[in-house]
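Here is the structure we will look at, set down as structure tokens.
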Amino acid sequence: MIRINLLPHREEKRKQKKTAFFALLGLGAIAGAAIVLLVGAYNARRISIQNERNQVIKTAIVALDKKIAEIATLKQEIEALKARQQAVEDLQGDRNQPVYLMDELVKQTPAGVYLKAFKQEGQKVSVNGYAQSQERVSELLRNLAGASPWLERPDLIEVRSTGLGQGKTAKKVVEFNLTVNIKRPRDKDQPEGAKPGAKPGLKPAAVASVPATGLPPAKP
């Protein structure tokens, strides 16, 4: 006997498939949402850790900036103290400069040269005088340039022929003007060519006359 199923089994299967499909779709959505939440939580945690590290670095940078500022301030204070110490040492050393200057001018002035006057301004000394000839002036320049431990860098400004005295006693001489630098005690032992650490502040010395052998003083 043949049995015929007249029930709508196809519709039932479709319904079952739709139900299963929607169930799987819901499960996939739930799984996707869970994965998104887990990944988001993981990323949020990593971002939070990185922000904490960045904050630690910022705090360390601020502390280092403060230390750098303190170090810069300390360096400025040290430089200021060194400058003050150097100024005091220069003042102490400069007290003897007129003595050194007078002694060296007497030692380095050759015979036949008469120093009429000299004037010190800072570390530069202007010298004016008479010589029997230009060779005597050249010898004086050589002495000041190489033989003197306290004087250096002489520079001849002017040299000209003139006469001393009147009438039969008049003598033909050479008048010269030159400048020379005087070293400070701390610059005296520096190697040649090194820049001297001269600082302004020394009061100009009074104009003085240093007679040397060879020529009489000029008559007024």
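Taking θ as phi - 60° and the Karplus parameters 6.51, -1.76 and 1.60, the scalar couplings of region 51-61 work out to 5, 5, 5, 4, 5, 5, 5, 4, 4, 5, 5 Hz in sequence order, x denoting glycine and proline.
Quick check: net charge around Gln76, other residues with Cβ under 12 Å of its Cβ, Lys/Arg +1 and Asp/Glu -1? In short, -1.
Beyond a 23 Å Cα-Cα separation, which of these cross-linked pairs lie in this structure: Lys75/Lys183; Lys107/Lys172; Lys116/Lys171; Lys124/Lys172; Lys82/Lys183? Cα-Cα > 23 Å for Lys75/Lys183; Lys107/Lys172; Lys124/Lys172; rest within.
Among 116-129, 64-77, sorting by the average number of other beta carbon atoms lying within 10 angstrom of each residue, highest first, gives 116-129, 64-77. Here the Karplus curve 6.51 cos²θ - 1.76 cosθ + 1.60, taken at θ = phi - 60°, turns the phi angles of region 148-160 into couplings of 9, x, 10, 10, 8, 6, x, 9, 6, 8, 8, 9, 8 Hz, with x standing for Gly and Pro. Using the Cα coordinates of region 9-94, the gyration tensor eigenvalues translate into equivalent-ellipsoid semi-axes of 81, 7, 4 Å, sorted from longest to shortest.
A short reminder: the numbers here are calculations on the coordinates, not readings from a lab. Note that the structure is predicted; figures quoted are calculated from it, not measured. Counting neighbours? That spans all protein chains shown, and the Cβs are built from the backbone with ideal geometry, glycine included.
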